[in-house]
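Written out below as C-alpha cells is the structure these notes cover.
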Amino acid sequence: MTAKPVWLWFVLLVLLAAGCRQSDVTPTASLQIELRVEPTPPTVGDAVLVVTLTGADGQPVSDATISARGDMSHAGMAPVLADLDIGDNGVYRLPFRWTMGGDWFVDITATLPDGTTAARRFDLTVAS
Ligand SMILES: [Cu+2]
C-alpha cells in the first residue's frame, strides 16, 4: 500500500461524512449481513461476493434482494455494482469485478419483500 499524505485522509473523511448515500438506508438489527469474497485474498479481476443473510432468529433469509456497490477509497473511479434477488439457504453469490488494486469499500444492502432494508459496509484491500 502506498503512503498518502495525512491531509488527504482528512479530505476523504470529510467527503465520506458528507456522502448522502448512507442516509437512504435504515440499518436494522434484525438482519445480519456477512461477506466473503472469492477468490481470497481479493485480486484484480473477476470475483464473487458471497453474501450471507441471517434473520434475528438466526435462520437464513433467502428472499431478499441484495445490492452491492464497490467504491475505491480514492476519487475518480466508477463504482462497481451488482445485485441479485434470490439466495440459496441465505447465501447470495454475486458476480463482481475488482477493476483496480488498492483499498475498496463495499456497501451491501439487503431489501426484504416487505421493504425492510439493512446495510453494512466492508473494507477490503485488493491486490494488483
Ligand atoms: Cu482505483
Looking only at the range 50-90, which residues have a backbone nitrogen under 15 Å from a spot 7 Å from the Cα of residue 123 in the C-beta direction? 71-74
Starting from the amide H of residue 64, placed 1.01 Å from N in the peptide plane, find each other amide H under 5 Å away whose residue is 5 or more places distant or on another chain. 87
Which values of log₁₀ I(q)/I(0), to two decimal places, follow from the Debye formula for the range 69-128 at q = 0.12, 0.22, 0.27, 0.31 Å⁻¹ with a uniform point scatterer at every Cα? -0.34, -0.95, -1.22, -1.40
Could you please report the charge total around residue 106, scoring K, R as +1 and D, E as -1 over all other residues with beta-carbon less than 10 angstrom from its beta-carbon? 0
Expected vector for the range 68-83, Karplus 3J(HN,Hα) from phi with 6.51, -1.76, 1.60 and θ = phi - 60°, integer Hz, x for Gly and Pro, equals 10, 9, x, 10, 8, 6, 10, 7, x, 10, 5, x, 9, 10, 7, 8
Can you compute the modelled spin-label distance between residue 75 and residue 54, with each label point 7 Å from Cα toward Cβ, in nm? 4.0
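FYI, it's all coordinate maths here, none of it is from the lab. Values in this document were obtained by computation on a predicted structure and should not be read as measured data. For neighbour counting, all protein chains shown are included, and Cβ atoms are generated from backbone atoms with ideal geometry for every residue, glycine included.
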